[in-house]
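J.: Got a structure for you, questions after.
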Amino acid sequence: MATCGLMMATPAAAQFWQCAPYAREISGIDLHGNANTWWGQAEGRYQRGHTPEQGSVLAFESTSRMRVGHVAMVSKVVSDREVLLTHANWSRRGGIERDVRAVDVSPNNDWSMVKVWYGPNGGLGTSAYPTKGFIYSGHKSGVADLPATQIASRDSGRVNGILTFAAPIQ
């Protein structure tokens, strides 16, 4: 899995997406920098918590495999333990994934540990990832708010030169 980091080009002109600029673009949460800084930056600017809401951004902790963390927008809340995420740079470098499954596997049901759909496996990945929680945008924004030319379709392919992926909803 690729790690999330800063990109030098503007998002619309990029050949591939990093998670942080993509999450900012689709969620409306105006934070910058590596994903592992978003939780701290959000303090005092955005509400934060441990309950998923559509349009919120799930902030992942840094790990040895994800040195700069990861961020993903909640596109749908399925249940108190399952959401669909829309994010970039997870299964394939620079790829966009829409409405992929993420499951809370934390022992306290607080979303502090999750498993996320991983393209090469065609299902939930074998690893669980620690998270800090959800950053709430204050509105129900999302992929539907982007111009149609900038979003991925339900099928894998290319949109504006950007490789995209989508998981089947099971």
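The values are calculated or read from the model by the stated rules, or taken from the named source; none is laboratory data. Treat the numbers as computed from the prediction; the structure is a model and nothing was measured. Heads up, the Cβs are rebuilt from the backbone with ideal geometry, glycines too, and the neighbour counts pull from every protein chain shown. Keep in mind that these areas ignore ligands, DNA and RNA; they rest on the heavy atoms of the full protein, side chains included. Shrake-Rupley method; radii C 1.70, N 1.55, O 1.52, S 1.80 Å.
J.: Out of all the residues in the stretch 151-170, is one or more modelled with pLDDT under 95 and within 27 Å of G40 (Cα to Cα)?
T.: no
J.: Another question, then. From the list R93, R98, exactly one residue is touching a helix residue (DSSP H, G or I) at 6+ places or on another chain (Cβ under 7 Å) and open to solvent by 30 Å² or more (accessible area, probe 1.4 Å). Which is it?
T.: Among R93, R98, only R98 is touching a helix residue (DSSP H, G or I) at 6+ places or on another chain (Cβ under 7 Å) and open to solvent by 30 Å² or more (accessible area, probe 1.4 Å).
For (1) farther than 22 Å from T126 by Cβ; (2) hydroxyl-bearing (S, T, Y); (3) out of contact with any helix residue (DSSP H, G or I) (no Cβ under 7 Å at 6 or more places or on another chain); (4) part of a strand (DSSP E or B), each residue gets a yes or a no:
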{"position": "T51", "(1), (2), (3), (4)": "yes, yes, yes, no"}
{"position": "L58", "(1), (2), (3), (4)": "no, no, yes, yes"}
{"position": "R67", "(1), (2), (3), (4)": "no, no, yes, no"}
{"position": "V74", "(1), (2), (3), (4)": "yes, no, yes, yes"}
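J.: Quickly run through the stretch 115-131 and pick out the residues that are within 18 Å of T86 (Cβ to Cβ), of a type in the set (A, V, I, L, M) and either at pLDDT below 95 or out of contact with any Gly (no Cβ under 8 Å at 6 or more places or on another chain) (or both).
T.: The one that is within 18 Å of T86 (Cβ to Cβ), of a type in the set (A, V, I, L, M) and either at pLDDT below 95 or out of contact with any Gly (no Cβ under 8 Å at 6 or more places or on another chain) (or both): L124.
Residues checked against (1) modelled with pLDDT of 95 or more; (2) farther than 20 Å from L84 by Cα; (3) crowded, with 23+ Cβ neighbours inside 10 Å:
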site	(1), (2), (3)
I26	yes, no, yes
Q47	yes, yes, no
T51	yes, no, no
S56	yes, no, yes
F60	yes, no, yes
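J.: Considering each of S112, S141 in turn, give the residue that is at pLDDT 95 or above, of a type in the set (G, A, S) and closer than 21 Å to A23 by Cα.
T.: Just a single option satisfies the conditions, and that option is S112.
J.: Kindly indicate the residue of the stretch 67-90 that is out of contact with any strand residue (DSSP E or B) (no Cβ under 6 Å at 6 or more places or on another chain) and open to solvent by 10 Å² or more (accessible area, probe 1.4 Å) and also nearest to Y22 (Cα to Cα) among those meeting that condition.
T.: In this case the residue turns out to be V68.
J.: From (1) in contact with a strand residue (DSSP E or B) (Cβ under 9 Å, 6 or more places away or on another chain); (2) open to solvent by less than 50 Å² (accessible area, probe 1.4 Å); (3) in a loop (DSSP other than H, G, I, E, B); (4) of a type outside the set (V, I, T), pick out the condition that doesn't hold for G33.
T.: Looking at each condition in turn, G33 falls short on (1).
J.: For the stretch 7-24, which positions are at pLDDT 95 or above and over 15 Å from R93 (Cα atoms)?
T.: Result: A23, R24.
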